Each structure stands twice: as structure tokens, then as C-alpha cells.
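Accompanying notes for the structure given below.
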Amino acid sequence: MDLRFERGDPRSPRGHAILFFRDTADPEAVAATYIVILPVAVDIARYVPPFLAGQVESMGASDFSAFALPPAPERVGSFSDLKRIAESRGDDLVFGGRGDLDNPAELLNEVGETVAEYARRYQEWTGRLATEPAGEAHEEPAGGVDDVVYALMSEADRLSELTSMTGRLRYAIEGGDRETAAEATTRIRAIARHMPPNRRAERLIELASDPSPKAAYLAQLYLERAYGLLREDYLRVKALDERITQAEADLRG
């Protein structure tokens, strides 16, 4: 089966993709679903009632390593919207073909076949990485497995991880641990791809890389502001914005 990647490399799938279809009658109308290849093995039988466990085991755990949600594609705004979302999140963008979007059940088979082919290509790529000498391995796309994990997190969990990684980056910079600093920076950027730009994650990287107390104080203000936005506490956000403006001026001065 041939997959048409509108974004991404078919030779090295990221493990998460937006799959979209166009309407036969109206080519501008699109519907989409989201493909995920789990980065860890899942024994699904552990999470179902005992009377169903035997049936699940007979199906095999591999059936649950790759899936699409929703199972049938749902209508979305436009192709441009999908492309923008895929670019901001670092997703692959795959065209599944044309069909009757008013009868999404007809597309269930196409979704299943595409998921299977996407998973096969992903497994081939990761298999090649595992057999290549370390010096010859291709660089993994930015975010890698972390990108998939962060995509499945709630924003509250992502903010918690962002706080942890910011502290880790700062300690690594202070201790001269370049490897840990690089890893923390990569993870912060992976988190940032799944957060609104106004959380200012990139600014946190800059501040955490500065060992000065003023930078540490400013980084804390940005984190508090992100939590305020999450809680929609806009009075708190406004007060923090004023403190951030002053702290930025103090840092420059």
C-alpha cells in the first residue's frame, strides 16, 4: 500500500500522524483522525474484565500497539488547518484518499489499512536504527518518542513536566553537564510543540541556560504565568506580566 505523506518522511515515520480524507463531492471538505504508534508494549488483557481476557489474549497484543482515534474520520475545518496543526505539533500528515465524508463508516476499512501500513513502516525504520552501528545511525526526528508521550498528556501534566525539565536544565548548566543540558533542552522543545506559544517555553530555555539569580527568578515567573493561563486566572496573569516586564528590564540592565 502506498502512503502519500503531505508532511514527514515516509522512510522514517515519526510514530504519530494526522490522517485525512477529502470528500468525493466536495474536494475542499476534509475529515481526519489521529494515528498513534505506542512507544511501549501494552498488555491490554490487564485492563479488561476477566471474562473478556481470553478473547483479548487470542487477538494478540500487537493489535493494540497502533491505532487511530477517532476510529472513523471526523470533519475538520480545512486542509490548511490540518497542515498548521501538524507543523506546530511535529506530526506526520498523511492523505488517505477520497470518500463520502457524510458516511464515515465507509472509511473505517481505509483507516485500518493505513494504520497497519504506517505501523509497518515505522517498525521497519526503528528496526534499521537498532541494527545500524551507533556512528552510522540516522538522527531521530526532533522530539522522538517523547513527542508521542507529550502529545497524549493533558496540559497540566505537560506543565508539570516543563517545570521539572526547566529545573533539570538549570542544574545541568550550573554543574557543567552538557549531555544532560542537551537532553533537557530537547525535551522542553518537544513539550513546547504541544503547548500554546503564549506559554513561552523557548524563553524558559534561554533563562534556564543563564546561571544568574535574576534569570532563575524570571524563569519562575514565566512558569507561574503558564499555570495562571491554564487556570484562566487572568487577573493573576496580568499581575505576573507586570512583574515579568520589570524582571526582564532588570536582567538586561
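The numbers here are math on the coordinates, done by the rules we state, and not lab data. Please read these numbers as outputs of a predicted model, since none were measured by experiment. We place every Cβ from the backbone using ideal geometry, glycine too, and count neighbours over all the protein chains shown.
Would you mind ranking ARG4, ARG252, ARG128 by Cβ crowding within 10 Å, fewest neighbours first? Don't skip to the answer; put the middle values down first.
On the way: ARG4 10, ARG252 7, ARG128 13.
The order, fewest Cβ neighbours first, is ARG252, ARG4, ARG128.
Among 216-226, 240-250, 156-166, what's the highest-first ranking by average C-beta atoms within 10 angstrom per residue? Numbers along the way, then the final one.
Working: 216-226: 19.5, 240-250: 14.0, 156-166: 18.0.
Those peptides, ordered most packed to least, come out 216-226, 156-166, 240-250.
For the stretch 153-252, what is the charge dipole size about the Cα centre, in debye to the nearest 20, if Lys and Arg each add +1 at the Cβ and Asp and Glu each add -1 at the Cβ?
On the way: 17 positive and 17 negative charges, 30 e Å.
Here the size comes out at about 140 debye.
Along the Cα→Cβ direction, 7 angstrom out, place labels at ASP2 and ALA116. What is the inter-label distance in nm?
Once both label points are built, they end up 2.0 nm from each other.
Taking the Cβ of ILE18 as the center, what net charge do the other residues with Cβ under 12 Å away carry, scoring Lys and Arg +1 and Asp and Glu -1? Mind dumping the intermediate values first?
Numbers: positive: ARG7, ARG14, LYS83, ARG84, ARG89; negative: GLU6, GLU74, ASP81, GLU87, ASP91, ASP92.
Around ILE18, the charge tally is -1.
Looking at the chain as a GNM with Cα springs under 10 Å, which of SER65, SER12, SER212 has the largest mean-square fluctuation?
With Cα springs under 10 Å in the chain, the top fluctuation among SER65, SER12, SER212 is at SER212.
Report the paramagnetic label zone for ARG128: residues of the stretch 147-165 whose backbone N is under 14 Å from a point 7 Å from Cα along the Cα-to-Cβ axis.
No residue qualifies, since no backbone N sits under 14 Å from the label point.
Within the P(r) computed for the chain, what percentage of the Cα pairs occupies the region above 24 Å?
Values: 18706 of 31878 pairs.
The answer is 59 percent, as a whole percent.
Report, in deg cm²/dmol and to the nearest 500, the calculated mean residue ellipticity at 222 nm for the chain, where each DSSP H run with n ≥ 4 adds -39500 (n - 2.57) and the sum is divided by the residue count.
-17500 deg cm²/dmol
Quick one: if you stick a label point 7 Å off each Cα along the C-beta vector at ALA239 and ILE85, how many nm between them?
With each label point 7 Å from Cα toward Cβ, the separation is 3.6 nm.
Does anyone have the angle between helix 79-89 and the longest principal axis of the chain? Alpha-carbon axes, 0 to 90°, nearest 10?
50 degrees
Using unit Cβ charges (K, R positive; D, E negative) and no other charged atoms, how large, in debye to the nearest 20, is the dipole of the chain about its Cα centre? If you can, show how the numbers build up before the last one.
Numbers: 31 positive and 44 negative charges, 172 e Å.
It comes to approximately 820 debye.
Count the net charge of all other residues whose Cβ sits under 10 Å from the Cβ of ALA32, scoring Lys and Arg as +1 and Asp and Glu as -1. Don't skip to the end; give the middle numbers.
Numbers: positive: ARG75; negative: GLU74, ASP81.
Net local charge, ALA32 excluded: -1.
From the Cα gyration tensor of the stretch 135-253, with a ≥ b ≥ c the square roots of its eigenvalues, which class applies: rounded if a/c is under 1.5, or else prolate if a/b is larger than b/c, or else oblate? Kindly include the intermediate steps, with their values, before the conclusion.
On the way: a/c = 2.61, a/b = 1.32, b/c = 1.98.
It comes out oblate by the Cα gyration axes.
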